[in-house]
Each structure stands twice: as C-alpha cells, then as structure tokens.
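Notes for the one structure printed next.
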Amino acid sequence: MSNHECVECGAVLSLPQELLPNEILPCPECGAELEVVALEPIRLALAPEVEEDWGE
Amino acid sequence: MRIAMIHSRVRMEEKLLLGAFKERGVQVELIDDGTLVLDPLQPDPGWLDYDLVMQRSLSTWRALHTLRLLRAWGVATLNAYRTVSLCSNKLYTTLALAEAGVPQPAARLAFSASAGLRALQELGYPAVLKPVVGSWGRLLARLNDRHAAEALLEHRHTLGAYPHHIHYLQAYHEKPAGRDIRAFVVGERTLCAIYRTSTHWITNTACGGRASNCPVTPELEALCHRSALAVGGGLLAIDLLETEEGLLVNEINHSMEFRNSIEPTGVDIPGAVADYALALAHGGAA
C-alpha cells in the first residue's frame, strides 16, 4: 500500500500495490472518481466526465 | 498467444477480465484508446500479431472506428464490427431482430417534431423516446401524453445536436413487479440472467436498478439464441421485457457490464468470457 492525496479533496488515500494505468479509484471521502494516469511515479487525476456516446 | 484489450478506463469489468485471463496463464496487453494513432492506409504490423483484440472502449464511436479498421486489417476482434454496428444503433438492432423474427416492442422512427407526434399517435401513450445511439438509460424519456411529447420534441430540436433530431419511439410496456430481464450471452449460449428491479420505470443498474437471479428458462434461452444470431453473436447483454404476449427483446448491449451480476447469479461471467475469447484466439469455434 502507498499513500497519495485525492486531487479533489486532499484526503489521504491508501493505494493498492497492483495498480493499472487508467484504473478508476473512487475517493472514499469525497466520492470523486480518480484515474491512475501514470504509474512511475504514481499520478492521479480526476477521471473524465461521462461523454454522450459512452455506455455498454 | 497474444491478446490485446482496447479500453478507455479500466473499470471493475476490465479488471475482472484481466484477472480471469491471468488465471488462465494469459497476460492481456492493454491499449488505451485515447493514445491511438492509426493509419488507415498502412496496417500496423504490431496489430497483426494479435490473435485476438478485445474491444472494451467506453466510447461507442471509438469502438466502431477501431473495429472497422481492425476488420480491414484482418485482425480478429471480440466483439466483431458487425455486431457492434448493429447493437450500438437501436434502429439497426430493431431491423436485425425483425429480420430474424424476434418479438420486440413496436417502434417508429421520425425526423421532425410533427412526424414524431404522428408516430406517437400510432403507438399510443405512454411511449418511450430514445436516442438511436445511447446507453446507461441516458436521455430516455417516458412520454405520458401529447403535452409532454410536444415539449420534449421541441426541446430536442431546439437544443439538441443533429443526432437528437432522430426520434426513435417505442411502445411502452408496464414492467410487472417493476422489473425486466438482462441475459448474458457468450457466443450463442445464455450464460445467466438477472432481473433488474426498480421503483423507477428505468431499471438499468447504472440508474440504481437492483440485480437478482433470473432462471434461464427454455423460452429465454431460445429467444436469446435467436437474438444473438441476429446480430452476429459474441459477448452480449440482452434486455428483455416480460409482457402478456410473452418476452420481448428490448435492446442488445455489445460491451456488457457485469460486475453486479456475478454475485446474484453465482456464475463466473469473466471466466466464461475469457474461455470463449481464448477459444476464438486459438482459431476454433468457441
């Protein structure tokens, strides 16, 4: 586990060891969806908003 | 064995699929669709080495374009371009199901507000207005009467971009016990199904619908089989309505989300998908 800050609310997040690029992590404190945009070093950003053609 | 997965985000579904492949000794290569630069005139040799490319983009348009290109290059994909092109457009799905004689709700297509109102007169109220391309219950509208229809159609023409000027209208069917059915098809086999229950008329789990196990009856299995064949098979989530006339196929989703359906059904959906994909990648009938 490693600690990183939520880019939205500053909460300290405990990140799992095995992260994947583009993985989505919800912040347990503010609920923001965070995207893993880099692994070395780990960098988090707010995940993009849903676009109109997104879906299943 | 080389398998790639094109994705936008790595959601729970992608992680579960990656885990299932890993358990089977296959390390899937992730390809972020946002980073792609593709030359349509020059097949990239890197792509030609893949035995199978799984398309899991969130964006329908990105999925369609990458799949069309990969088809041109002769790269095997899951799902296939034809399947995604049919399932991503509600009119195309309707036509494919009609050609296969699959029962479905009555529908109309109209391109202007006045024609939309005429179509609604034919269908009767309430009716459902859907974008021809859309998902997750987004922009669905239940039109209870002509006043609501007039307002909504005017709004779509005034505020919407041109795709919103295509009105796909569908007869509304009251859902018994507030539920409909989602069936998961892998290949042509109905793996499992859930009831999606909600107090809202939209039962999508993305909108808060609750998932519970739905037994796969012979009727459900047969209908899903015909529906899957109609759109080319692959990995499909088929939405069905229970009506007095029997089951009707409402929609077919080409990039299924299943995180909420593993626990209630007790079925290892990602494992079944991985097995199917590996059989395809080996070049055999899955």
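The values are calculated or read from the model by the stated rules, or taken from the named source; none is laboratory data. If you're wondering where the values come from, they're calculated on a predicted model, not measured in any experiment. Every residue, glycine among them, receives a Cβ derived from its backbone with ideal geometry; neighbour counts consider all protein chains shown. The accessibility values were calculated without ligands, DNA or RNA, using every heavy atom of the protein model including side chains. Shrake-Rupley method; radii C 1.70, N 1.55, O 1.52, S 1.80 Å.
Counting only strands (runs of 3 or more DSSP E) that fall entirely inside chain A and contain at least 1 residues that are facing another protein chain (nearest Cβ under 9 Å), under 9 Å from the mean Cα position of the chain (by Cα) and in contact (Cβ under 8 Å) with a residue 12 or more places away in the chain, the qualifying elements are A:24-26, A:33-39.
Of the strands (runs of 3 or more DSSP E) contained entirely in region B:47-152, those carrying at least 2 residues that are open to solvent by 30 Å² or more (accessible area, probe 1.4 Å) fall at B:107-110. Listed conditions (1) surrounded by fewer than 23 Cβ atoms within 10 Å (Cβ to Cβ); (2) not in a helix (DSSP H, G or I) are all met by B:Val249, apart from (1). When each of B:Ala237, B:Ala230 is tested for being open to solvent by less than 10 Å² (accessible area, probe 1.4 Å) and under 16 Å from the mean Cα position of the chain (by Cα), the lone residue that passes is B:Ala237.
When restricted to residues that are away from chain A (no Cβ under 14 Å) and of a type outside the set (Val, Ile, Thr), region B:251-268 contains 4. Against the conditions (1) at positive phi; (2) more than 14 Å from chain A (Cβ to nearest Cβ), B:Leu139 satisfies every one except (2).
The condition (being of a type outside the set (Gly, Ala, Ser), open to solvent by 100 Å² or more (accessible area, probe 1.4 Å) and at negative phi) is satisfied by just one residue among A:Glu56, A:Glu49: A:Glu49. Close Cβ contacts (under 6 Å, 6 or more residues apart or on different chains) running from residues in region B:185-204 that are more than 11 Å from B:Val267 (Cβ to Cβ) to residues that are in a loop (DSSP other than H, G, I, E, B) and among the basic types (Lys, Arg) are absent. Taking interchain pairs and intrachain pairs at least six residues apart, which have beta carbon atoms under 6 angstrom, with the first residue in region B:150-166 and modelled with pLDDT under 90 and the second surrounded by 13 or more Cβ atoms within 10 Å (Cβ to Cβ) and of a type in the set (A, V, I, L, M)? Final answer for the pair search is none. Is it the case that B:Val75 is touching a helix residue (DSSP H, G or I) at 6+ places or on another chain (Cβ under 7 Å) and within 14 Å of another protein chain (Cβ to nearest Cβ)? It is false that B:Val75 is touching a helix residue (DSSP H, G or I) at 6+ places or on another chain (Cβ under 7 Å) and within 14 Å of another protein chain (Cβ to nearest Cβ).
Screening region B:10-33 for residues that are aliphatic (A, V, I, L, M) and open to solvent by less than 10 Å² (accessible area, probe 1.4 Å) and picking the one that is farthest from the other protein chains (Cβ to nearest Cβ) gives B:Ala20. Sub-9 Å Cβ pairs linking a first residue in region B:82-94 that is without any contact (Cβ under 8 Å) to a residue 60 or more places away in the chain to a second residue that is among the charged types (D, E, K, R), at least 6 apart or interchain, are B:Ser85/B:Arg68, ordered by first then second residue.
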